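Enquirer: Here's a structure for you.
The values are calculated or read from the model by the stated rules, or taken from the named source; none is laboratory data. Here the structure is a predicted model, which means the values were calculated and not measured. All Cβ positions, glycine included, derive from the backbone under ideal geometry; neighbour counts span all protein chains shown. Ligands, DNA and RNA are stripped out before the accessible areas are found, and what is left, the full protein with its side chains, is counted by its heavy atoms. Shrake-Rupley method; radii C 1.70, N 1.55, O 1.52, S 1.80 Å.
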Amino acid sequence: MTRSLTIVPRWAGHADSDFYPWLLQEKPAGFASLRALEMPDPKQPRPETWVPALAQALGSAPAPGSVVMGHSVGCQTVLRYLETLPRGSQVEGVLLVAAWWSVDNPWDSLRPWTDRMLELERIRAAAGRVVVLLSDNDPFTSDFRDNARLWEERLGAQVQLVPGARHFNGTHEPAVLDALRRHFGDAR
C-alpha cells in the first residue's frame, strides 16, 4: 500500500517551520507523498478555519493509506477533522506530536480548542492507529504522565515519551522520523 503523510503545523507554524522541511527531505520509506500544510491565519488558529482547511486537503473521505501528523494545536485540528468523517471512513493512522488535552496556562484564543469535549468514539473509529509523542519537559503541559494517561484511556493511543524534547520545535526531530518509520513505514 502506498501511504501519504499530511502534516498540520503548530500554533504560528508554517510548512517551513520547525522540523517539517527536514522530515519531508528525509522521505521516510513507505510514503509516496509527503506535505506540510499552510494553515489559515496561523498566529490565531481557530477550529472553524483549520478543520475545513484540513478537510479540503484530505477530503471528506481520505484516501487509503492516509497518515496525518499534527503538531501541538495541529493535533487538535486532526482530532476535530476525524470527528467530521462519515461513519466507515478512516485514515490509516495519526501521529500526534506534543499533543495535549489541556495546557497549564491557557490563553483566551486557545479556549476554543480546550473548552469542548470531543466525540471520542467517532475519533477512535476514524483514526486507525494513534501514536502520540510527548516530552517530559514540555513548557505547555508539565504533567506529562497525566497527559499520557489521558491519550491512552481516551483513544487507546500508543504513547512514547521523548526525554528533553520540550515542544518538538527543533529543526531536526529524530524521534518523529523514527515513529513514522516504526509505526507507519515499511519497517513495521
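Enquirer: State the number of residues belonging to the stretch 47-104 that are of a type in the set (A, V, I, L, M, F, W, C), in contact with a Phe, Trp or Tyr (Cβ under 8 Å, 6 or more places away or on another chain) and under 25 Å from Phe140 (Cα atoms). Full working, then the answer.
Expert: So in the stretch 47-104, the residues of a type in the set (A, V, I, L, M, F, W, C) come out as 50-51, 53-55, 57-58, 61, 63, 67-69, 73, 75, 78-79, 82, 85, 91, 94-101, 103.
Subset that is in contact with a Phe, Trp or Tyr (Cβ under 8 Å, 6 or more places away or on another chain): 51, 54-55, 58, 67-68, 73, 75, 95-101, 103.
Remaining after also requiring under 25 Å from Phe140 (Cα atoms): 51, 54, 68, 73, 75, 95-101, 103.
Number of matching residues: 13.
Enquirer: State whether the residues of the stretch 161-175 include one that is within 14 Å of the chain's Cα centre (by Cα) and of a type in the set (Lys, Arg).
Expert: Within the stretch 161-175, not a single residue is within 14 Å of the chain's Cα centre (by Cα) and of a type in the set (Lys, Arg).
Enquirer: Does the stretch 40-64 hold any residues that are assigned to a loop (DSSP other than H, G, I, E, B), more than 24 Å from Phe184 (Cα to Cα) and under 16 Å from the mean Cα position of the chain (by Cα), and which are they?
Expert: Pro42, Pro45, Arg46
Enquirer: Within the stretch 1-44, track down each residue that is touching a helix residue (DSSP H, G or I) at 6+ places or on another chain (Cβ under 7 Å), farther than 19 Å from Glu173 by Cβ, open to solvent by less than 60 Å² (accessible area, probe 1.4 Å) and in contact (Cβ under 8 Å) with a residue 40 or more places away in the chain.
Expert: Answer for the stretch 1-44, where residues must be touching a helix residue (DSSP H, G or I) at 6+ places or on another chain (Cβ under 7 Å), farther than 19 Å from Glu173 by Cβ, open to solvent by less than 60 Å² (accessible area, probe 1.4 Å) and in contact (Cβ under 8 Å) with a residue 40 or more places away in the chain: just Arg3.
Enquirer: Could you figure out which of (1) under 19 Å from Val132 (Cα atoms); (2) in a loop (DSSP other than H, G, I, E, B); (3) aliphatic (A, V, I, L, M) isn't true of Ala29?
Expert: The single condition Ala29 does not satisfy is (1).
Enquirer: When Ala12 is evaluated against the numbered criteria (1) more than 25 Å from Asn147 (Cα to Cα); (2) part of a loop (DSSP other than H, G, I, E, B); (3) not polar (S, T, N, Q), which criterion, by number, is the only one it fails?
Expert: Ala12 satisfies every listed condition except (1).
Enquirer: Going by the conditions given, is Ala175 part of a helix (DSSP H, G or I), open to solvent by less than 80 Å² (accessible area, probe 1.4 Å) and farther than 29 Å from Glu48 by Cβ? Before you say what the answer is, go through the steps one by one.
Expert: Details: part of a helix (DSSP H, G or I): yes; open to solvent by less than 80 Å² (accessible area, probe 1.4 Å): yes; farther than 29 Å from Glu48 by Cβ: yes.
In short, yes.
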